[in-house]
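Quick notes on the structure that follows.
Read-outs throughout are calculated quantities, based only on the coordinates presented, and are distinct from any laboratory measurement. Just so you know, these numbers come straight off a predicted model, no measurement behind them. Don't worry about glycine lacking a Cβ; one is built from the backbone with ideal geometry, like all the others, and counts go over all protein chains shown.
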Amino acid sequence: MRILMAGASGFLGTPLAERLRLSGHDVTELVRGPVERGGQARWTPSQGQLDPGLVADADVVVNLAGANVGGKRWTARYKSVLRSSRLDTTGTLAKVIKELPAADRPRVLLQASAVGWYGDTGDTEVTEQAPAGNTFLADLCRTWEAAARPAEDAGTRVVLLRTAASLGPGSALIKPLLPLFRLGGGARMGSGRQWLPWIALPDWLGAVEFVLGREEVAGPVNLVSPHPSTNNDFTKALARAVRRPAVLAVPGFALAIGLGEMAGEVLGSQRVLPAVLEQAGFRWEYPDLDAAMRIAVEGEPTARP
C-alpha cells in the first residue's frame, strides 16, 4: 500500500515507518522543513497547506504529529503549542481528504490520540466506550479527535489511536527516570496506588499494523497492555530492570511545585483496557510489565519484518 505519514520522525513514528517499509509498503513522510531525501514531501500545516495530490495518491494516511506533552512545563503558551501542533495537522489532513473526489480519497486515516481522553477514572476500568474526562489532556484529546471528523464524514475509515505510555528505548517516560533509578533513587509518585496504562513499543507497532489491515475496526482503539499497573508496580518493575532498590516516594505537593498543572495527570488514575483490540483478536507479545520494562531499559530490537 501507499502510505502518507505525518510525524514520522518521532519516537513512535520512526520505528513505525521502518516497520511499514519492511512489510513492503511505500511510505512517504510529510516534513515541514526542506526535503532532504527520497520518500519525503513538504507541507505547512500551520497554514493549512498540503498538496492534495499527495493525499489522492495514498491508500492510507497516518498522522502521529504533535508536540511532546511532557516536553515542557504547561504554561499557557506551551498549552497553545500542544493544541496547535495537533489541530493544525489533523485539520489540514481531514480537510484535504474531505475535499477530494470520492474515488481519490484514502481508504484509511490512522489518527493519533491518547488515553488522556479519559481523565482521572480512579479504580474504575474504562474501555473505548467511556466518555472524555474533564482534565486539560482530556479536552485536548477530545478536540484532537474531533478535528479528524471531516475525513470520517467523507467516508474514510478513521481509527483513533488512543495511545498509552509506550515502553521502548528512549521512551519519554523512562529515559529521564533511568539515571535516578540506576543510582538507587527511584521513587513512586504520590501514594503509588494510581493506575498507569502502558504498552510495550513492539506491541504498539504490531497493534497499529493490525488495525490497518482490519476493515471492521474504526473509531477509538485503546493501544494499551491488557494488564494496566499501579504507579507503585511500575516503579518496582523499573527498579528490577536496573537491579536497584526503589524505596522512596515523591509526595504530591512536591510534584505540584515541580510540575505545575501536569502533576494532576501524574497523580491521576487511569485503569484503561483494550477492549477493541481484544475483541478483534490482537495478540500481545509483551503483555507483562517486567518484560516490557526490560525492552525499555536494555534496548532490544523493536522493528521486525
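Highest-first packing order for the peptide set 80-91, 210-221 is 80-91, 210-221, based on the mean count of other beta carbon atoms within 10 Å. In this structure the amide hydrogen of V27, modeled in the peptide plane, comes within under 5 Å of the amide hydrogens of I3, none closer than 5 places in sequence on its chain. Considering only V35, V96, V272, the Gaussian network model of the chain with Cα springs below 10 Å gives its largest mean-square fluctuation to V35. Shown here: region 139-239, whose C-alpha atoms stretch 54, 28, 22 Å along the first, second and third principal axes, sorted largest to smallest. Computed from point charges on the beta carbon alone (+1 for Lys and Arg, -1 for Asp and Glu), the dipole magnitude for the chain about its Cα centre is near 940 Debye. Adding -39500 (n - 2.57) for every DSSP H run of four residues or longer, then dividing by how many residues the chain holds, sets the calculated 222 nm ellipticity at -11000 deg cm²/dmol.
The smallest convex shape that holds all Cα atoms of the chain, its convex hull, gives 126 Å³ per residue. Placing unit charges on the Cβ atoms of the charged side chains and taking the dipole of the chain about its Cα centre, the candidate lying farthest along the positive direction among V115, P245, Y286 is P245.
Amide H contacts under 5 Å for S229: L196, W198, restricted to partners 5 or more places along the chain or on a different chain, H placed in the peptide plane at 1.01 Å from N. Over all Cα atoms in region 1-42, the spread is summed up by Rg and Dmax: 9.6, 27 Å. If you add up the charges near Q111, with Lys and Arg at +1 and Asp and Glu at -1, over every other residue whose beta carbon is less than 11 angstrom from its beta carbon, what do you get? Taking every other residue near Q111 into account, the sum is +2.
Each semi-axis of the equivalent ellipsoid for region 20-144 is √(5λ) with λ an eigenvalue of the Cα gyration tensor; in descending order they amount to 29, 18, 14 Å.
Here region 1-82 is treated as an ellipsoid with the same Cα gyration tensor; its semi-axes, largest first and in whole Å, are 25, 16, 10.
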